[in-house]
1. Membrane-span-like helices in chain C: DSSP H runs reaching 15 Å or more (Cα, own axis), mean Kyte hydropathy at least 0.5?
2. Based on the Cα coordinates of segment C:159-258, what is the per residue volume of their convex hull in Å³?
3. Give me the percent relative contact order of chain B, please, defined on Cα pairs under 8 angstrom at least 6 residues apart.
4. Using a Gaussian network model on chain A with a 10 Å cutoff between Cα atoms, which of A:Lys84, A:Lys53, A:Lys133 fluctuates the most?
5. Can you list the DSSP H helices in chain B whose Cα atoms extend at least 30 Å along the helix axis and whose mean Kyte-Doolittle hydropathy is -1.0 or higher?
6. Restricting things to alpha carbons, tell me how big chain B is in terms of Rg and Dmax, in Å.
7. Strictly greater than 42 Å: what percent of every Cα pair in the protein assembly as shown meets that?
8. What whole number of Å gives the distance from the Cα centroid of segment A:147-211 to the Cα centroid of segment B:190-266?
Amino acid sequence: MSKNHTGPLLSVNHLVTEFETRGKNNITVVDDISFHVNEGEIVAIVGESGSGKSITSLSIMGLLKNGGHVTGGAILYQGTDLLKLSKKERRQVRGKEMSMIFQEPMSSLNPMLRIKSQIAEAINIHQPAKSKKQVQEKVIDLLKQVEIPDAERVANRFPHQLSGGMRQRVMIAIALACEPKLLIADEPTTALDVTTQAQILALIKDLNKRRGTGVIFITHDLSVVADIADRVVVMYQGKIVEEADVFQLFDHPQHAYTKKLMRAMPTIEKKAGDSHAN
Amino acid sequence: MVQNKILQSFRTVRSGIIQNSSPLGLIGLITVSVIIILAILAPWIVPHDPFKIDATNRLIPPFWVVDGSMNHILGTDHLGRDILSRLIYGGRVSLLVGFLSVLIAGVIGLFLGLISGYFGGTWIDQFIMRFVDAMLAIPTLLLVLVAIVVFEPGIVTLILVIGLTSWAQYTRLVRGEVLSVKEREFVQSATTLGASKGYIIRKHILPNVLSSFIVVSTIGIATAIMTESSLSFLGLGIQPPDITWGGMLNDGRNYIATSWWIATFPGLAITITVLAITFLGDWLRDILDPKLKKGGDADE
Amino acid sequence: MSYLKRSLLQVIPSLLLLTVIIFALVYVAGDPVSSMLPENATSEDREILAESLGLNEPFYVQYFQYLRSMVTGDFGTSYQYQRPALELVLERLPATLTLSLMAMLIAIIISIPLGILAALKRNTFVDFLVSGISIVGKAMPNFWIGIMLILFLAVQIQIFPVSGADTPAHFVLPAFTLGVALAAEMTRLVRASVLEVIEEEYVQTARSKGQKESIVISKHVFLNSLIPVVTIVGLQFPQLIGGAIVVETVFAWPGIGRLLLTAIETSDMAIIQTIVFVIAIFTIVVNLLTDLVYRVLDPRIKYN
């Protein structure tokens, strides 16, 4: 991870991810995809469930399980191929250089641990030198950054005592603990109601602007894409079928699948129009 | 319709056997079959009269030990009786007690469970469940022991007593199943159409509850065999001269320092039988009832 | 502690039913008159004694008398020992409880590491080995395990004493014998539970923080997978006590199991019903404790 690196923050080149199945041929879930994310840019990956978008993000994070393996290509983070790192080096990238938030805020926090210790864990892993007091302060600071009111009180709570939106904020706080340059958000608003959804989106956008964090935003919801993304990658059956600037995509969708997605969303024209105006 | 359902579940089993050809399940099936056949044919296939006391051939070790002979393959006990022959006879009692007591417990448990589940939440359900709680608060073995005091020990007593004291777990299982089946659409619609309670239980609920019931009963046979053996070992179950594995073990206990084989083989017989039935039960579970599958094994 | 009050209230009907069951058994079995009088007693003597014991009253009257004396702590007198039955049972209870607790401890020590190991090495040779051992461990009758342990460890190499309860060494064989089945059951449970928890999203969250796999397991998987195990272990308690009765016989352990067997042989009903009642009470207490532990462990319940 050279400091004077000049290219994109992350570039994924010809990535192939396969899953082992017992006794049968491997299933290719991500099939030779390439895209990149620049510093401070929000890239949306759009596709229906099973299109390989979530597996793409897990491949980048190195969190594949249940027999999933990257079998080809390269994932360059600031010019370094993550796939060539040792397990330990890879772990040092996770949480520090890039972090991830998941779809289900209900189940992505450990029910047995208080909020503060779950955030503190993320700090302690990569900054073990910090004193207890410094960590505590950082936890409160992070909770404030994700706009949680009454941060001191919330820090002492257990996950089940918080609403879904609050939990997702906590997840974002965990993800931001070590100020990563890349945030991967895997359908972070799908499980939330519309109002909360808008608040979380605004929060991610704001963090992206203020701190210059690059974001990969995975979703199946084109209206969310219109709201948040700079650039869009459309995935279908493990392949990238279209990649475009967000305005270009909504004005002139090229691929048949993209057009179909748009037709499925009757209000899309209007929403896209709104974000034009902004 | 019930026949159809049963026929259907037989078909499921048949195609299940082909699809889920588990080696352990097959071993279990074969072993259980062999034990059953041996038990049925016992009088014709035993090498010696299992009851015959032979003072000149006492404590002969198995054939592979020095002083052993092929005449008594697994040796003889302290009264000179042939151990292999006694093992084969002992299987009869174990299987009989196992099957029949589970039959009794199962019928009671099924009946009460269906009622309790169907009338879930009412006073009948409450009453039955409190009864179940009371029964489950005492170890089955203890209940059986107490009942033994009241009735003469013997094979019929044992079957009745084990049957009458172990139904509570079936009631609990069936009740839970009924409660969940009841919520399903086809039962709901039958109720709306004005079907009678008995009809709904017979035609809709019972067939759906049966598969998990069969699985648990199979394992129940193994548990009943264990209980019978424990009682006979304690000298409170089936009485001599009737032969049981538990009783043989009890005989062998006093000779453990000098003649290890007397106590070793009957224990092995119990273990193998219980193991085989367990394998069979697990296999049935995989075939009949995917939702009962052990946690974490249904993956990806 | 309104929760505790509520659970205790729920327990009462079960306990009452239990007394009915026990009383009915004694009623059917009972011929206390013959056992109390010499064999050559006249039928008049019998009649007088029966009358004085209230045995001519109808069933329900006798039951309420029985219940009343029980509430006052009078569980009857053992005719064989000529002492209050409760006293006799309470004298022997500690030995049985110690044995059961030791067995449980041994089961926990064996099963938790093995269960976790099997889950982490899932579908490998290690997993098959552990699962195999636990299935066989459950299939072996405990009295046989006891006898085989005596054969190998006490008779052949003479490391442990064969029977009795005088020194700590006396604990090893009986406690292990009693613990095997529980250990086998718990190993299966721990394995299944870990396999379930390890798929949870919060485990993925921990990994996404860059946490070491060993800490992911110890901090996030372990405690969460323990919760269902605690519940089931509590439910296993009756089986453990049932097993203790048999194991005590094998190792000549001076607990209530042996007291019970002697009582059964001599039809000493006072002792028998006291033991059944005491064990039932214990089972209920253990169930309550299990629930309580569960509540302490799981913040989702504690803070609701």
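1. Membrane-span-like by this rule: C:2-29, C:85-120, C:125-139, C:169-197, C:222-235, C:237-251, C:269-297.
2. Enclosed volume per residue, from the Cα hull, is 114 Å³.
3. 24 percent
4. Result for chain A, Cα springs under 10 Å: A:Lys133 fluctuates most.
5. B:23-45, B:83-118, B:206-233, B:261-288
6. Rg and Dmax of chain B, Cα atoms, are 22.5, 78 Å.
7. 49 percent
8. If we compute the Cα centre of each part, the gap is 56 Å.
Read the figures in this text as sums done on the coordinates, not as results from a lab. Predicted, not measured: the structure shown is a model, and the values here were computed from it. Note: ideal-geometry Cβ built from the backbone for every residue, glycine included; neighbour counts use all protein chains shown.
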